Each structure stands twice: as C-alpha cells, then as structure tokens.
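No value in this document is a laboratory result; all are computed from the given coordinates. This structure is a prediction, so every number in the text was calculated from the model and none was measured. We place every Cβ from the backbone using ideal geometry, glycine too, and count neighbours over all the protein chains shown.
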Amino acid sequence: MSTAEPTLLDQQATASVTNINKTAQEQSLRACVETTMENYFRHLDGQPVNDVYNMVLAEIETPLLEVIMKHTRQNQTKASEILGLNRGTLRKKLKQYGLL
C-alpha cells in the first residue's frame with residue numbers, strides 16, 4: 001500500500017502549526033496572551049462580544065490550576081502557597097472549574 005505524498009496545502013499547514021508552536025514556546029506568557037487576544041478580536045467578523053475578562057480568566061486559570069495541582073500531587077496547601085492564594089480561595093476556584 002503506497003502512502004500519498006503530502007500536498008502543498010498539507011505542507012503549508014504543517015509549517016504553519018510548527019511556526020505557531022515555536023512562537024508560543026519562545027514568547028512570554030504576556031506576549032502569548034496579547035497575540036491571542038489580537039487574533040480573537042481580528043476574527044470576530046463584526047460579532048458582538050462581552051464578558052471577555054471572565055472568558056480570558058477561565059482560559060488561563062483552568063490550565064494554571066491543573067498544572068499546579070499536578071505539580072503538587074493534589075496537595076492544596078502546597079498549591080495555595082505556590083499560587084499565593086488562601087486555601088479556601090483555591091478550593092473555590094477548583095470547584096468553579098470542575099477540578100475538585
């Protein structure tokens with residue numbers, strides 16, 4: 001069975017994804033957020049938007065909490081210390097994002 005050669009479009013898509021991954025790895029978190037938000041607004045195509053602040057917080061807090069909890073092996077006391085949050089606040093956020 002022969003495998004099909006990748007088309008130019010496939011090659012361009014792969015190169016684009018590779019460039020995005022490299023860019024994300026090289027950028028600071030702040031730069032990634034800025035780039036992503038600019039891209040978000042650029043692609044709204046005239047659609048109304050609201051509650052962007054809470055949308056962005058949810059997108060950032062969820063993986064942040066997931067990684068911290070994994071790093072601390074689910075130890076909420078250690079996680080709250082690393083994050084600089086009260087343990088009760090951490091628990092509230094974990095419940096909010098379905099992580100508890």
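Gyration tensor over the Cα atoms of the range 56-100: the corresponding equivalent ellipsoid has semi-axes (square roots of 5 times the eigenvalues, largest first) of 15, 11, 10 Å.
Taking each residue as 0.36 nm, the span from Leu64 to Leu29 lengthens on full extension beyond its C-alpha to C-alpha distance by 11.4 nm. Take the Cα of His43, step 7 Å toward its Cβ, do the same at Arg91, and the gap between the two points is 3.9 nm.
Our estimate of slack between Asn50 and Leu99, defined as 0.36 nm per intervening residue step minus the Cα-Cα distance, is 15.1 nm.
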